[in-house]
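First up is the structure itself, then whatever we jot down about it.
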Amino acid sequence: MHPKVAPLLSGTKVIPVLVIENADDAQPLAQCLVDNGLPVLEVTLRSDAAFRAIEIIASQVQGAVIGVGSILTEMQLNSAQSAGGWFGVSPGVSEKLMRALELNDWPFLPGASTLSEIMTLRDAGFKEQKLFPANIAGGVPMLRAISGPVSDVTFCPTGGIKPDNADDYLAESNVFAIGGSWIASPDLIFARDWHEIGRRAREAASLGMQWRTAV
Ligand code: 3PG
C-alpha cells in the first residue's frame with residue numbers, strides 16, 4: 001500500500017458509505033459504526049449537512065477515520081480537508097481534479113471504472129483506487145481480468161455491494177477492501193435505527209476474515 005494511505009486503510013476490509021442529511025445524526029451514527037468494528041467511514045458530500053457532519057465526527061468521535069467521498073472539485077477537496085476529513089475519495093477523475101491532487105498531499109482514494117482510468121491514475125502514483133460503480137463496471141470478473149495486466153493496483157470496489165456478494169469481492173487478490181451504503185442505508189439513518197446499523201456493522205466487520213492477512 002502507498003505510504004500515504006497505508007496508515008489509514010491497511011487492515012480495513014469494509015468502508016461504510018454514508019449520506020448524512022441531518023448533522024444531528026453524525027455523532028451517534030459514527031460512534032455506532034466505530035463501536036461495532038467499522039472505524040473507517042466515507043462521508044459523502046451528497047447532502048447539505050455533509051461538511052457539518054464531518055466537523056462533528058472529527059471533534060466528537062474518537063477513533064473514527066473520516067474519509068470524505070463524492071469529491072468532484074478542487075474546492076470540495078480543500079473544504080473536505082478543512083472540515084477535518086482524514087482522506088478523500090472520488091467517484092472518478094477529471095483533468096482538473098487530477099491537477100488539484102498533484103498539488104495536494106492529502107491521502108486520496110480516487111475512483112475509476114475503466115482500464116484507461118485505472119492506468120492514468122496509476123501513472124499519477126495512485127496504486128489504491130475505488131472501483132466504482134463496481135457491479136456495473138464489471139464486478140468480480142473485471143477485477144480478475146485486470147489483475148494480470150495491472151498487477152500492482154489494488155481496489156476498494158464500491159457500488160452494488162451487499163452482504164451476499166461482499167465475500168466474493170473480498171476474496172479477490174487485488175481487492176484490499178469493499179465499500180457500500182448497505183450498512184447504514186439512508187432509510188436506517190433517517191429512522192435513527194442505531195441498533196440495526198450496529199448489527200449490520202458487526203456483521204460487515206466479520207466479512208473477509210479469512211483474507212485479512214492476504215492483502
Ligand atoms: C458510493 O457513493 O460509493 C455509492 O453510492 C455506494 O454504492 P451503494 O449505494 O450501491 O453501496
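The values are calculated or read from the model by the stated rules, or taken from the named source; none is laboratory data. The structure displayed is predicted, hence computed values, not measured ones. Cβ coordinates were reconstructed from backbone atoms using ideal geometry, including for glycine residues, and neighbour counts include every protein chain displayed. Surface areas here come from the heavy atoms of the whole protein model, side chains and all, with no ligands, DNA or RNA. Shrake-Rupley method; radii C 1.70, N 1.55, O 1.52, S 1.80 Å.
Overview of values
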{"item": "Cβ pairs under 8 Å, 6+ apart, first in region 8-21 and in contact (Cβ under 8 Å) with a residue 12 or more places away in the chain, second within 11 Å of the ligand (Cβ to nearest atom) and assigned to a helix (DSSP H, G or I)", "result": "14/166; 19/186; 21/186"}
{"item": "Residue within region 178-194 that is polar (S, T, N, Q) and away from the ligand (no atom under 16 Å from the Cβ) present", "result": "no"}
{"item": "Residue within region 134-146 that is in contact with a strand residue (DSSP E or B) (Cβ under 8 Å, 6 or more places away or on another chain), within 11 Å of the ligand (Cβ to nearest atom) and open to solvent by less than 60 Å² (accessible area, probe 1.4 Å) present", "result": "yes"}
{"item": "Those residues of region 38-56 which are buried (at least 20 other Cβ atoms within 10 Å of the Cβ) and more than 16 Å from the chain's Cα centre (by Cα), in sequence order", "result": "51, 53, 56"}
{"item": "Residue that is most open to solvent (accessible area, probe 1.4 Å), among those in region 71-118 that are of a type in the set (Asp, Glu) and touching a residue at least 24 places away in the same chain (Cβ under 8 Å)", "result": "105"}
{"item": "Lone qualifier among 37, 88, 63 - being in contact with a strand residue (DSSP E or B) (Cβ under 7 Å, 6 or more places away or on another chain), among the small types (Gly, Ala, Ser) and not in a helix (DSSP H, G or I)", "result": "88"}
